[in-house]
Amino acid sequence: NGRRLLSASILSADFGRLAEEVRAVEAAGTDWIHVDVMDGHFVPNITIGPDVVRAVRRATGLPLDVHLMIAEPDRYLQDFADAGADWLGVHVEACVHLHRTVQRIRELGKKASVSLNPATPLCWVEPILEDVDMVLLMTVNPGFGGQKFIRSVLDKVRTLRRWIDERDLPVLLQVDGGVNTDTVDELVEAGVDVFVAGSAVFRGDDYKATVGALKSRFRS
Ligand code: DX5
Ligand code: ZN
């Protein structure tokens, strides 16, 4: 198990000063930038599209981790790839031909991530583990920042950690939702590699302090 990483979700940033916010969390020591794309269809909220991803791309050299919470993601993979995403993450619940979608992401030269909602069983990704670069286990129901962590997902985290380790796969295990200084320790213990945090990072004005507080717990 390599180095643990923090991916700051800009969903909780001030969109009116987005480039500045991205540069501020970069300066504060975040490892990746997490971009939440929502279509008002797969999830009950609408956020941003490829043009905003392009603007974020211009603001930072950090890896861009684009979390597509959209129906029929295949229709937009090319657009988000061209906009400068490094990681493209799709929800298994939104993909009829998941293997084809993951293949397409890799053909575009991007890292492929697959996401599971809290109530989606882990067996949905089991057949495709050798073909992905990351699995994202949602620890809230996708759609909004600042929601309460769903603890029952910890069992899935532990099981997935075991599958990855037993098969010695180069797959990162990511969680997203309700990650903060109250929940990070049990997630570290359960074997998470990449922690997405939105409200916990952008809360207050001192991003160095909030990012530092989370990352200091990664070493335990
Ligand atoms: C939720 C998004 C998350 C969100 C997390 O649907 O996918 O990335 O920004 O927000 P927090 O960290 O506040 O739970
Ligand atoms: Zn997200």
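Figures for the structure shown
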{"quantity": "Ranked by how many other beta carbons lie within 10 Å on average, peptides 13-20, 51-58 from highest", "calculated": "51-58, 13-20"}
{"quantity": "Calculated P(r) tail over 12 Å for region 172-220, as whole % of Cα pairs", "calculated": "59"}
{"quantity": "Average Cα contact separation per residue, the chain, under 8 Å, 6 or more apart, as relative contact order %", "calculated": "21"}
{"quantity": "Fewest-first sequence of TRP87, TRP124 by Cβ atoms within 10 Å of each Cβ", "calculated": "TRP124, TRP87"}
{"quantity": "Ordering of 137-144, 78-85 by packing [mean C-beta count within 10 Å, highest first]", "calculated": "137-144, 78-85"}
{"quantity": "Charge tally in the Cβ shell below 13 Å around GLY109, where Lys, Arg are +1 and Asp, Glu are -1, GLY109 excluded", "calculated": "0"}
{"quantity": "ARG3 paired with ALA209, simple spin-label distance in nm, labels 7 Å along Cα-to-beta-carbon", "calculated": "2.6"}
{"quantity": "At most 15 other Cβ within 10 Å, DSSP loop - trypsin sites (Lys or Arg not before Pro), region 181-220", "calculated": "ARG203"}
{"quantity": "Charge sum, other residues only, whose C-beta stays under 13 Å from ARG3's C-beta, Lys/Arg counted +1 and Asp/Glu -1", "calculated": "+1"}
{"quantity": "THR159 versus ASP14: modelled label distance in nm, points set 7 Å from Cα along the beta carbon direction", "calculated": "4.4"}
{"quantity": "Inter-probe distance in nm under a simple model that places probes 7 Å from Cα toward Cβ, at HIS99 and ASN141", "calculated": "3.2"}
{"quantity": "Normalised alpha carbon radius of gyration of the chain [divisor 2.2 N^0.38 Å]", "calculated": "0.93"}
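A short reminder: the numbers here are calculations on the coordinates, not readings from a lab. Everything numeric here is computed off the predicted structure, so don't read it as measured data. Quick reminder, even Gly has a Cβ in these numbers, built from the backbone with ideal geometry, and neighbours come from all protein chains shown.
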